[in-house]
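The values are calculated or read from the model by the stated rules, or taken from the named source; none is laboratory data. As the structure is a computational prediction, the values presented were derived from the model and not from experiment. Heads up, the Cβs are rebuilt from the backbone with ideal geometry, glycines too, and the neighbour counts pull from every protein chain shown. All accessible areas refer to the heavy atoms of the entire protein, side chains included, with ligands and DNA or RNA removed. Shrake-Rupley method; radii C 1.70, N 1.55, O 1.52, S 1.80 Å.
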Amino acid sequence: MRFSAALSLSLLALASLTAAAQTPAQPAATPTAKKSVVPQSKAPKAQLASPQVTAPQAAKAALTPPMGWNSWNFFAEKVTDKDIRGAADQMVATGMKDAGYIYVNIDDTWEGKRDANGVLQTNSKFPDMKALADYVHSKGLKIGIYSGPGPQTCGGYEGSLGHEEQDAKMYADWGIDYLKYDLCSFIPAVMMKQAPNDKAAQMKLMIAAYDKMNKALKATGRPIVFSLCQYGWDAVWEWAPSVGGNLWRTTGDVSPDWDRIYAIVSQQAGLEKYAGPGHWNDPDMLEVGNGHLTLAENRTHFSLWAMLAAPLLAGNDLPNMKPEIKAILTNKEVIAIDQDKLGRQASRVYSDGEVDVWARPLAGGAKAIAVVNAGDNRYSTHPFHLSLAKLGLHGPQTAKDLWTGKTITLTDNMPLELPSHDVLLVRIPAPK
Ligand code: GLA
């Protein structure tokens, strides 16, 4: 049985962690095994008056949003050494590496038990982590790993509580380049226990736990991207850079369905001021190519992650990737929006019913615009009309449609017929 964090803080007080596996769970029978569920509650609203965050400690790593692949969204707890090697091979073979995907990240369920000296062993799915890291590096890629500040991870495996320095040093010795650090059991085991009736004190404990691992990572001397996973609690975007966070999850878990993806997107509006080179909002990993997302939904999901300057961590079955999915994930002009050097996350400029218009400035004075039809039933009888004026643009604009590759002219109030859940994503090289 696995620890479920799909509970509010107060519910967690009641939840018994005895449910969390005392011994690591066995890999599930299918690669589409159920995921751990973390709170999908709305993250607290950003405070409008907050200044742009600067992140001196994080400034050297992740100058653009990290790109790579993570095992969780497809393999979940079934992932093995072989799957990670296969993913690395495929990232090279499919051209994903050339498109910029560099990190191969092992998510939860690699952990075994600690030995008498407290040294964490891998479990039988990962016989030799150093050899695996060497293999991934030999492909010109980087490797990431997963842990958490609690006694157990979300999957009920061994966490880092009380062993932060030891674990960080081991990661560095293995050659790890990226750590995702997931709150889960720290909530009941430490926050609820040490400060049962004091939410603010609980949050301070949480922040201190992230800083502890930050310091442990820094002490290794190895640059390791630090990814905070605590579902957006306590306006994480306001404090994550101060504990070395290069990226931080802003919400609960993504899943491969449109409603969840769109709900996450809606929660990103207003967070743009917290993102920048070295420190990024993370709306969770990509589900492109997973579940039953339509082609339009896959395209819109990827477009919006690019507009949001989100980490692009693919989570699909790379050896069986369909050509149309590969075409989405490797669209270099869309990736260039995500990776733009300015690092300015898009804002939602306006919405009209179920159509949202997002825009972000790009290096060199260019601009990217995404128009998303989140609705199900808008037809050519009443097309959406795009207001250039609301986007601060004057007169016709020459733009490139990044999905068709065609040059188009945008005019004020032009009708746009967008199919359900589809997107118009354009780059305007010289906006007027
Ligand atoms: C949580 C995280 C997921 C994944 C799982 C692993 O649910 O939010 O991204 O890492 O834990 O157990």
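Spatially, segment 160-229 and segment 110-135 are offset by 19 Å when compared through their Cα centroids.
Taking 27 Å as the cut-off for C-alpha to C-alpha distance, list the pairs among LYS97/LYS390; LYS180/LYS273; LYS113/LYS322; LYS139/LYS212 that go past it. Intermediate results must be reported in sequence, preceding the final value.
Details: LYS97/LYS390 38 Å; LYS180/LYS273 23 Å; LYS113/LYS322 38 Å; LYS139/LYS212 32 Å.
Exceeds cut-off: LYS97/LYS390; LYS113/LYS322; LYS139/LYS212.
Put LYS113, LYS341 in order of accessible area, highest first, and with a 1.4 Å probe you get LYS341, LYS113. Under 19 Å of direct C-alpha separation, and excluding same-chain neighbours fewer than eight residues apart, LYS367 reaches these aspartates and glutamates: GLU272, GLU333, ASP338, ASP340, ASP356, ASP401, ASP412. How would you classify segment 238-368 from its alpha-carbon gyration tensor, with a ≥ b ≥ c the square roots of the eigenvalues: rounded for a/c under 1.5, else prolate if a/b is greater than b/c, otherwise oblate? It is rounded, given that a/c, with a ≥ b ≥ c, falls under 1.5. Taking label positions 7 Å along the Cα-Cβ direction at both VAL92 and HIS394, the computed distance is 5.4 nm, reported to one decimal. A helix-only calculation puts the chain at -7000 deg cm²/dmol for mean residue ellipticity at 222 nm, using -39500 (n - 2.57) for each DSSP H run of at least four residues, averaged over all residues.
Report the FRET efficiency, 1/(1 + (r/R0)^6), for ASN117 and LYS218, where r is their Cβ-Cβ distance and R0 is 30 Å, rounded to 0.05. Calculated transfer efficiency: 0.80.
What part of the accessible area of the chain, given as a whole %, is carbon or sulfur when the probe is 1.4 angstrom?
Result for the chain: 55 percent of the exposed heavy-atom area is carbon or sulfur.
For the pair ALA263 and SER351, label points projected 7 Å from Cα toward Cβ lie 1.4 nm apart. Label point of ALA430 set 7 angstrom out along Cα-Cβ; within segment 392-417, amide nitrogens under 11 Å from it belong to 398.
Quick one: ranking ASP107, ASP257 by accessible area, 1.4 Å probe, largest first, what do you get?
Numbers: ASP107 5, ASP257 65 Å².
Listed by decreasing accessible area, they come as ASP257, ASP107.
Think of segment 156-201 as a dipole: +1 on every Lys or Arg Cβ, -1 on every Asp or Glu Cβ, centred on the Cα centre; then among LEU161, PHE186, GLY175, PHE186 lies furthest on the positive end. Among the protein heavy atoms, those of MET192 account for about 20 Å² of accessible surface (1.4 Å probe, every chain in place).
In the full protein context, segment 128-179 carries 29 Å² of accessible surface per residue, based on a 1.4 Å probe and ignoring ligands, DNA and RNA. At the residue level, SER266 shows approximately 40 square angstrom of accessible surface with a 1.4 angstrom probe and all protein chains present. Shown for the chain: cysteine residues without a partner Cβ closer than 4.7 Å, namely CYS229. For the set PHE75, PHE384, the ranking by accessible area, highest first and with no ligand, DNA or RNA atoms included, is PHE75, PHE384 under a 1.4 Å probe. Spin-label pair ALA208-GLU238: with each label point 7 Å from Cα along the Cα-Cβ axis, the two points sit 2.0 nm from one another.
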